[in-house]
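All of the numbers you see were taken from the coordinates with simple rules; none came from a lab. Since this is a predicted model, take the numbers as computed values, not measurements. We place every Cβ from the backbone using ideal geometry, glycine too, and count neighbours over all the protein chains shown.
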């Protein structure tokens with residue numbers, strides 16, 4: 001078993017989203033000495049020669065052409081290490097232009113106080129290495145505590161869950177009856193943009209949160225009828241409309257699969273169904289590309 005000396009990295013200065021962690025500007029050793037140091041530490045770890053380096057955390061700002069897998073490859077790390085350190089439960093949560101944390105050695109960062117189903121799953125799995133406590137600055141003035149398991153990776157079950165769809169179906173058995181995008185308007189006959197999908201559901205069918213999050217807004221609108229909007233990590237929101245009854249309140253924390261409403265026929269609707277939207281940074285996204293529908 002490797003022996004490690006861990007540095008508790010708890011800087012709280014305002015020099016970035018994650019405090020005063022050193023910022024790596026380029027993933028080219030000749031242009032960035034910090035990247036060169038990170039690469040040396042990773043190489044020492046993988047070689048097993050001598051004492052392993054102490055844990056160090058860096059910051060990095062991904063470019064528009066980069067995703068989780070290309071960033072992980074650039075730093076010679078498994079994507080598991082980046083995902084758990086940044087509290088991501090899906091690859092798509094890495095955002096170009098937004099700072100991410102990068103360790104100098106591989107391993108899993110398991111939260112001491114898990115939030116949501118995904119983190120509880122991580123806490124419940126067995127690991128092969130001996131953990132050490134790490135306190136990580138997540139923004140100026142606040143931090144999270146993790147158990148760091150050096151060299152560990154996701155279990156096969158965790159990998160399947162992580163690489164799966166970002167959202168789960170809001171209905172146990174919901175067939176898409178109207179797709180995302182431009183379509184004939186059922187009331188005017190003209191072509192209009194449909195910012196979500198419609199799912200077949202009779203009145204009173206349980207509607208579930210499609211992802212862990214916090215209820216942003218509930219209410220009623222002329223077109224949407226009764227609706228619920230949930231905020232999620234990564235700038236995502238999910239919208240549930242034409243409801244018959246709302247079962248949650250604003251500010252409530254929900255897990256994926258929690259019952260949040262009953263489907264209905266409120267608002268401007270041709271019949272009982274669930275209108276389901278996904279938005280990222282306020283812009284509509286195609287739910288069929290991000291959701292595991294059961295049809």
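Each peptide in 112-125, 165-178, 148-161 was scored by the mean count of other Cβ atoms within 10 Å over its residues; highest first, the order is 165-178, 148-161, 112-125.
The order of 43, 277, going from fewest to most other C-beta atoms within 10 Å of their C-beta, is 43, 277. What does the C-alpha gyration tensor say about the overall shape of the stretch 73-148? Classify as rounded when a/c is under 1.5, otherwise prolate if a/b is larger than b/c, or oblate. Here the stretch 73-148 falls in the rounded category. Sorted into 10 angstrom bins from 0, the C-alpha pair distances of the stretch 178-248 split as 17, 45, 32, 6 percent. Sorted largest first, the principal axis extents computed over the alpha-carbon atoms of the chain equal 71, 38, 35 Å.
Beta bridges from DSSP with both residues in the chain: antiparallel share about 90 percent, rounded to the nearest 5. Computed on the stretch 23-163, the Cα convex hull volume stands at 116 Å³ per residue.
If the Kirkwood radius is taken over C-alpha pairs of the stretch 118-259, then at 4 °C and 1.567 mPa s the Stokes-Einstein diffusion coefficient equals 71 µm²/s.
Under conditions of 25 °C and 0.890 mPa s, the stretch 223-291 yields 195 µm² s⁻¹ as its translational diffusion coefficient, taking Rh as the Kirkwood radius over Cα pairs in the Stokes-Einstein equation.
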